Amino acid sequence: MRVKFDRDTCIGMFQCVAEWEGFEKDTDAGKAVLVDGEEESDDVFVAEVPEDEEFDAKFAARVCPVDAIEVYDEDGERVV
C-alpha cells in the first residue's frame, strides 16, 4: 500500500497526525509532513505504508478535511 500526500492542499488541521504516526506536525509551516515521504512532484509526497499500519493510513486519509491524502493498493488502484 502506498500513500500520496499533497502538502500544498494541506490546511494544517492535523487530523491525520492524530490518526496515524505516518504524519507529523510542522507547526512552523502550519502543514503536516509525511514521515519518510519522497517528493514525487512539487509539494506532492509519497511513501510506502507498513502492512500493520494500513488501517491507520486509510483512516488518516478519510479524516482529512481537504482530501490532501490518497491511499493506493498494490495494483495502483485508489482505495481512499
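The values are calculated or read from the model by the stated rules, or taken from the named source; none is laboratory data. None of the values given here were measured: they were computed from a predicted structure. Note: ideal-geometry Cβ built from the backbone for every residue, glycine included; neighbour counts use all protein chains shown.
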Tell me, which residue of region 31-57 that is free of Cβ contacts under 8 Å to residues at least 24 places away in the same chain and under 12 Å from the mean Cα position of the chain (by Cα) is farthest from Arg7 (Cα to Cα)? Asp36
When you scan the chain for strands (runs of 3 or more DSSP E) that lie fully inside it, which ones turn up with 2 or more residues that are crowded, with 16+ Cβ neighbours inside 10 Å and modelled with pLDDT under 95? none
